[in-house]
Amino acid sequence: DILKEKNVKAVFFVTMPYVKDEADLVQRMIDEGHVVGNHSNNHPVMPEQTIDKMVYEVMSLHDYVLENFGYEMTLFRPPTGAFSIQSLSLVQSLGYKNVHWSFAYYDYDPEDQPDVASALERVTSSHHSGAIYLLHAISETNAALLGDAIDFFRAEGYNIELFR
């Protein structure tokens, strides 16, 4: 809702359980012009998987989203950020662009959310040209700080652009 209010588009990296549990929200992401990216079927540490398992992790979600939403994903964010030359190369050979981030923090545990004020300070103090922020959508803290962060970045003269 905040992204829509602020006219900002984002990339949402999703897993199969999320896509199945939140189908209406995934459709809304697509309908509102956001990018839906592949975060794997089951969220494994990719370099620890066999080649066949890595292909399955990427393509089973890819095919499901294409079949059920008519949407072809092209961006991949490796679970936990773990990668190897082999996993990066494999994902690229499947037609994906690997995406990493320049900012992340401990925001992914719904039972252990950071304080909004301190999290906003961390987010805004880490700004730089070309920044890619990893903010987990399940974080109540991120939802609370997002509007203020967008306003801060714009006031600092930054454009918020959709990564493709």
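Residues whose amide H falls under 5 Å from that of Gln113, counting only those 5 or more places apart or on a different chain, are absent, with hydrogens built in the peptide plane.
Among the GluC sites (Glu not before Pro) in the stretch 124-164, those located in a DSSP loop and surrounded by at most 11 other Cβ atoms within 10 Å of their own Cβ are Glu156, Glu161. Compared with the dominant Cα axis of the chain, that is its longest principal axis, helix 51-69 is turned about 70°. Solvent-accessible area per residue in the chain equals 55 Å², computed with a 1.4 angstrom probe and all protein chains kept. Taking every alpha-carbon pair under 8 Å whose residues sit at least 6 apart, the chain reaches a relative contact order of 22 percent.
If R0 is 35 Å, the Cβ-Cβ spacing of Lys6 and Leu66 corresponds to a FRET efficiency of close to 0.75. One chain, two ends: Asp115 and Ser102. Fully extended at 0.36 nm per residue, the span grows by 2.6 nm beyond their Cα-Cα distance. For the stretch 1-106, the list of GluC sites (Glu not before Pro) that fall in a loop by DSSP and count at most 15 other C-beta atoms within 10 angstrom reads Glu22, Glu32, Glu72. Take the Cα pairs of the stretch 15-63, get the Kirkwood Rh, then feed it into Stokes-Einstein at 25 °C and 0.890 mPa s and tell me D in µm²/s. Diffusion coefficient, whole number: 213 µm²/s. Full extension of the chain between Glu156 and Ala131 gives 7.7 nm of extra length, using 0.36 nm per residue less the Cα-Cα distance. What is the helix-to-structure angle for 116-125, meaning the angle in degrees between its Cα long axis and the longest Cα principal axis of the chain, kept from 0 to 90 and rounded to the nearest 10? For helix 116-125, the angle is close to 80 degrees. Measuring nothing but protein heavy atoms, the accessible surface of the chain at 1.4 Å probe radius is 50 percent carbon and sulfur.
When every Cα-Cα distance of the stretch 1-147 is counted in 5 angstrom steps from zero, the calculated P(r) takes the values 2, 9, 18, 20, 20, 16, 10, 4, 0 percent. Close lysine pairs were tallied over the chain: pairs 8 or more places apart or on different chains with Cα atoms under 24 Å apart number 6.
Please identify the longest segment of the chain free of exposed chymotrypsin sites (Phe, Trp or Tyr not before Pro), where exposed means a DSSP state other than H, G, I, E or B and no more than 16 other Cβ atoms within 10 Å. Answer from the scan: 1-70. Along the stretch 100-115 the Karplus relation, 6.51 cos²θ - 1.76 cosθ + 1.60 evaluated at θ = phi - 60°, assigns HN-Hα couplings of 10, 10, 10, 9, 8, 8, 6, 10, 8, 9, x, 8, 9, 8, x, 4 Hz to successive residues, with x for each Gly and Pro.
The values are calculated or read from the model by the stated rules, or taken from the named source; none is laboratory data. Predicted, not measured: the structure shown is a model, and the values here were computed from it. Don't worry about glycine lacking a Cβ; one is built from the backbone with ideal geometry, like all the others, and counts go over all protein chains shown. The area values use the complete protein model at the heavy-atom level, side chains included, leaving out ligands, DNA and RNA. Shrake-Rupley method; radii C 1.70, N 1.55, O 1.52, S 1.80 Å.
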